[in-house]
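Step one of this worksheet: look at the structure below.
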Amino acid sequence: MKTTMTALALLAATVAAMAQDDRQIPLMEVEGDADRDFYLVEQMNRPGELEALRDVVGSEAVPLAVEQDGPLQIALVYPSADVSDFWARMYLAFTKRLDELGIEYETTEFASRQIEHSLQATYTDQVIQDKDIWDFVLFGPSELATQADNIDKLAATDDFTTFVISFFTPPKYLENQPAGWFDFSAAEGAQLICDYMVDRLGPDQVYALNRGIPGITDNQRSGDFAACVEEKGNWELAYEHYGEYRREGGFDGTNYIMQSYPEAKIIHNANTAMAMGSVEAQLAMGMEDEIFSTGWGGTGLELEALRNGELDATPMRMGDDVGAAVAEAIKYHLEGRENELPRIFLGRITIANNEMSVDELNALEQEAFRFSGVGALER
């Protein structure tokens, strides 16, 4: 049975929802709008909203202030069957923060791999068909453009509240915007890892890319990185391989790079799975000390590879921020305070690298995974 709130909370929620509906999208026009098909963070968030939620997420939990008459029903549709532990950690952080907030809930997971676009569409239709069941739907798109129609359909369903996880670029063409977007900025991460690598390795390098799936995420993780190192370091791109975010793709791409483009001594991988495949290929060829390779996200597997000297650097997300922020957003909605929330939440990113001491890496890991726990998760 779907959870209802007390009469007072319901009234507050109605007033807050009316205020939320008054938010114009976009809030402002900015330079370059005509060249983008998505909104920027500053076009969706009012001043101070993101910072305020970050402060809440980083502080002790304040319990839910209204009564529930039963557990929330929460559907999670996401590519959690992939190698990356991002989704598992998101789930742990999300549920543990809900527990701290004193929110009663039951979750149902609809898992897929990141390349299983049609399976996500099937799950979306199933969730909408059973719309009376759900209070909240957390949707992690396999790829944003591919799943845009499904996001639109979910957001258009009034029976539940939809949050999108792992993307922060709301498409302009959506007729219905979800209640919130929760992610880390891939563009920010690309800039940070570019600056770090150009500073550490110097100009005029030859490099290769293990890219993901064509789309906005890879455009930022790989494309923005490539543009940045060309501009700031005059680096030359030898080869780019689309590995579909899979371990096998990183392994095959790296083997081809080492054999056909031996001049490329730097390999930039666009996610954990491909980075692990790339490391595996380098180890098999005994080339791990000759190639500078990156990961993406700073997951437990990547940090383990950094400590082992198998990986060199990665843009590290303070991973549990996202799951905790989604839990807090649910609390705000239950309390009728959703008009205080940013439409886009972004977690923090820093560069973890193999020049850091074990103590430094451990401290980053403790902070990033304060809910989900340190070390590689068992799959």
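In the set Ala264, Ala275, which member is within 18 Å of Tyr207 (Cα to Cα), touching a Phe, Trp or Tyr at 6+ places or on another chain (Cβ under 9 Å) and part of a loop (DSSP other than H, G, I, E, B)? If you could, list the steps in order and put the result at the bottom.
Details: Ala275 fails: part of a loop (DSSP other than H, G, I, E, B).
The match here is Ala264.
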Based on this model, can you work out whether Thr169 counts as out of contact with any Cys (no Cβ under 6 Å at 6 or more places or on another chain), in the same structural domain as Tyr91 (by TED's automatic domain parsing), more than 27 Å from Asp33 (Cβ to Cβ) and not charged (D, E, K, R)?
no
Quickly run through region 329-366 and pick out the residues that are in a helix (DSSP H, G or I), crowded, with 17+ Cβ neighbours inside 10 Å and not assigned by TED's automatic domain parsing to the domain that holds Gln24.
Leu361, Leu364, Glu365
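Quick grid of which residues meet (1) touching a residue at least 40 places away in the same chain (Cβ under 8 Å); (2) farther than 19 Å from His117 by Cβ; (3) under 23 Å from the mean Cα position of the chain (by Cα):
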residue	(1), (2), (3)
Ile216	yes, no, yes
Ser222	yes, yes, yes
Lys232	no, yes, no
Ala284	no, yes, no
Ala208 vs. criteria buried (at least 18 other Cβ atoms within 10 Å of the Cβ) and not assigned by TED's automatic domain parsing to the domain that holds Gly140:
yes
Region 148-186 - residue that is at pLDDT 95 or above and of a type in the set (Phe, Trp, Tyr) and, of those, surrounded by the most Cβ atoms within 10 Å (Cβ to Cβ):
Phe182
Given the criterion touching a helix residue (DSSP H, G or I) at 6+ places or on another chain (Cβ under 7 Å) and surrounded by fewer than 19 Cβ atoms within 10 Å (Cβ to Cβ), identify the matching residue among Val326, Val374, Val279.
Val374
Give the residues of region 309-328 that are in a helix (DSSP H, G or I) and without any contact (Cβ under 8 Å) to a residue 40 or more places away in the chain, sorted by residue number.
none
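The values are calculated or read from the model by the stated rules, or taken from the named source; none is laboratory data. Since we're looking at a predicted model, the values are computed, not measured. No Cβ is skipped: glycine too gets one built from the backbone with ideal geometry, and neighbour counts run over all protein chains shown.
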